[in-house]
Amino acid sequence: MSKPFLPFAMPDIGDDEIAEVVDTLRSGWVTTGPKAKRFEADFAAFLGDASLHCIAVNSATAGLHLALEALGIGPGDEVITTTHTFTATAEVVRYLGADVKLVDIDPATLNIDPRLIEAAVTPKTKAIIPVHYGGLAADMPAILALAQRRGLAVVEDAAHALPTTSGGRLVGTLASDAAVFSFYANKTITTGEGGMLVTRDAALAKRAQVMRLHGMSRDAFDRFTAQVPSWYYEIVAPGFKYNLTDIAAAIGLQQLKKAHAFAQRRTQIAQRFNAAFARLPVLTAPEPPAGELHAWHLYPLRLRDDAPVGRDALIERLFARGIGCSVHYIPLHQQPYWRERYGLTAAMFPHSQRVYERQLSLPIYTRMSDADVERVIDAVRGALGGGA
Ligand SMILES: *Cc1c(COP(=O)(O)O)cnc(C)c1O
């Protein structure tokens, strides 16, 4: 009898989330309201810094867009990011009419290489968007130092990075202009769809709050009278519809309480994988520096040159054994839009290209049992001819 298919990813939703959503549905308030507000406050508490502004949005893509918009990024500007990411990281730059400069990764960490950022800076460069690939912090000390030296903004794509630390501090509390988390279905915590924009910059926060909901503001009225009637608002800009519903926030409130426990379980799985694959013809996932948290959103496995099969064949063999896998990422320089707009070739990004050709992502999520983890290990060993 064959075992049931083990999907690549699955959310971990329990009775707490269900009860909180039911409570919201019964409350009569289903869109942005008290639960979204509480989720923002809880998120700041989770990050342990009351001076942070947390702005709940309906996706990380929306949060990245709002952060760049608030920083004034526009036509004629350039923003530097990694080619080894999801298109959302870069597309938001184009929403604003600015241009994207893609750079290669450091193959040791799979994160953007700060030396290549430096080389890509031009007089038009306004910002850097580092991605904490898979949940391992990018080299933030180097990136923040470079940004300060060259007068650039830094917006962290923290879609994978809850919870991740750099220099012992949680991503979200670093000295960047903003960090944006994702609560998409397969992320480390989920609200179905959702995101959180985190910033210390009060002006950035204010602009993002207004632009999150149609460019609506009640401040102008506040200046003239203490009492703002509930029906009064002013439109100060052509804003967006990026607010998070209370139904989604209800899920987030309960997921956030489990974020550290979830991360501990994924860390256990990653450590088991790294130990089990040590003697195979593979490069195991990069480990965090001692004492740092890695969110382990992804477990990237890379085939060495002496592996008996290629990446595509390995994925097929794992599927045949009932294991779902994925690839992170098909780099942006390989995607028609980005390739054609900027005339990109694989030779410009040798490290990302090589990782793309040899990498697959294994299932790593809290609903996997120990038996599931061993099944993945046996399947990888078997597929690579290492027994089992
Ligand atoms: C998931 C993801 C996003 C987008 O998140 P959404 O919440 O789906 O908008 C952005 N960047 C990276 C690296 C991601 O993995």
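The values are calculated or read from the model by the stated rules, or taken from the named source; none is laboratory data. Just so you know, these numbers come straight off a predicted model, no measurement behind them. Every residue, glycine as well, gets a Cβ built from its backbone with ideal geometry; the counts of neighbours run over all protein chains shown. All accessible areas refer to the heavy atoms of the entire protein, side chains included, with ligands and DNA or RNA removed. Shrake-Rupley method; radii C 1.70, N 1.55, O 1.52, S 1.80 Å.
Odds and ends about this structure:
- Lone unmet requirement of (1) closer than 24 Å to MET196 by Cα; (2) open to solvent by less than 30 Å² (accessible area, probe 1.4 Å) for ASP139: (2)
- Only a single criterion out of (1) surrounded by 23 or more Cβ atoms within 10 Å (Cβ to Cβ); (2) more than 16 Å from the ligand (Cβ to nearest atom) is not satisfied by VAL155, namely (2).
- Test for GLY194: is it open to solvent by 50 Å² or more (accessible area, probe 1.4 Å) and under 22 Å from the mean Cα position of the chain (by Cα): no
Residue-by-condition table, conditions (1) at pLDDT below 95; (2) open to solvent by less than 20 Å² (accessible area, probe 1.4 Å):
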residue	(1), (2)
GLN227	yes, no
TYR232	yes, no
THR245	no, no
ALA248	no, yes
GLY252	no, yes
ALA263	no, yes
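- Qualifying residue in region 81-93 (condition: among the acidic types (Asp, Glu) and either crowded, with 17+ Cβ neighbours inside 10 Å or in contact (Cβ under 8 Å) with a residue 60 or more places away in the chain (or both)): no
- The residues listed here are ALA276, ALA237; of these, the one that is over 22 Å from the mean Cα position of the chain (by Cα), of a type in the set (Gly, Ala, Ser), outside the structural domain of ARG38 (by TED's automatic domain parsing) and modelled with pLDDT of 95 or more is ALA276.
- Flag if THR61 is within 16 Å of the ligand (Cβ to nearest atom), open to solvent by 30 Å² or more (accessible area, probe 1.4 Å) and either outside any loop (DSSP other than H, G, I, E, B) or modelled with pLDDT of 95 or more (or both): yes
- Residue that is nearest to the ligand (Cβ to nearest atom) [pool: residues in region 164-182 that are in contact (Cβ under 8 Å) with a residue 60 or more places away in the chain and touching a strand residue (DSSP E or B) at 6+ places or on another chain (Cβ under 6 Å)]: SER182
- Residue selection: LEU6 fails the criterion of being open to solvent by 40 Å² or more (accessible area, probe 1.4 Å), in contact (Cβ under 8 Å) with a residue 60 or more places away in the chain and farther than 18 Å from VAL180 by Cβ.
- Of the residues PRO300, PRO336, the single one that is closer than 29 Å to PHE262 by Cα and modelled with pLDDT of 95 or more is PRO300.
- Search result, residues across region 300-339 that are of a type in the set (D, E, K, R), open to solvent by 40 Å² or more (accessible area, probe 1.4 Å) and in a helix (DSSP H, G or I): ASP312, GLU316, ARG317, ARG339
- Residue match in region 29-49 (condition: closer than 26 Å to ALA142 by Cβ, within 15 Å of the ligand (Cβ to nearest atom) and open to solvent by 40 Å² or more (accessible area, probe 1.4 Å)): no
- Screening the candidates ALA67, ALA19, ALA50 for the property of being at pLDDT 95 or above, out of contact with any strand residue (DSSP E or B) (no Cβ under 6 Å at 6 or more places or on another chain) and in the same structural domain as GLY172 (by TED's automatic domain parsing) yields one hit, ALA19.
- Boolean, GLY97 is in contact (Cβ under 8 Å) with a residue 24 or more places away in the chain, in a loop (DSSP other than H, G, I, E, B), out of contact with any Ser or Thr (no Cβ under 6 Å at 6 or more places or on another chain) and not aliphatic (A, V, I, L, M): no
- Residues of region 110-129 satisfying the condition of being open to solvent by less than 50 Å² (accessible area, probe 1.4 Å), over 16 Å from the mean Cα position of the chain (by Cα) and closer than 24 Å to GLN359 by Cβ: ASP113, PRO114, ILE117, ALA120
- When the residues of region 340-354 are filtered to those that are among the small types (Gly, Ala, Ser) and either in a helix (DSSP H, G or I) or within 16 Å of the ligand (Cβ to nearest atom) (or both), the one that is farthest from the chain's Cα centre (by Cα) is ALA347.
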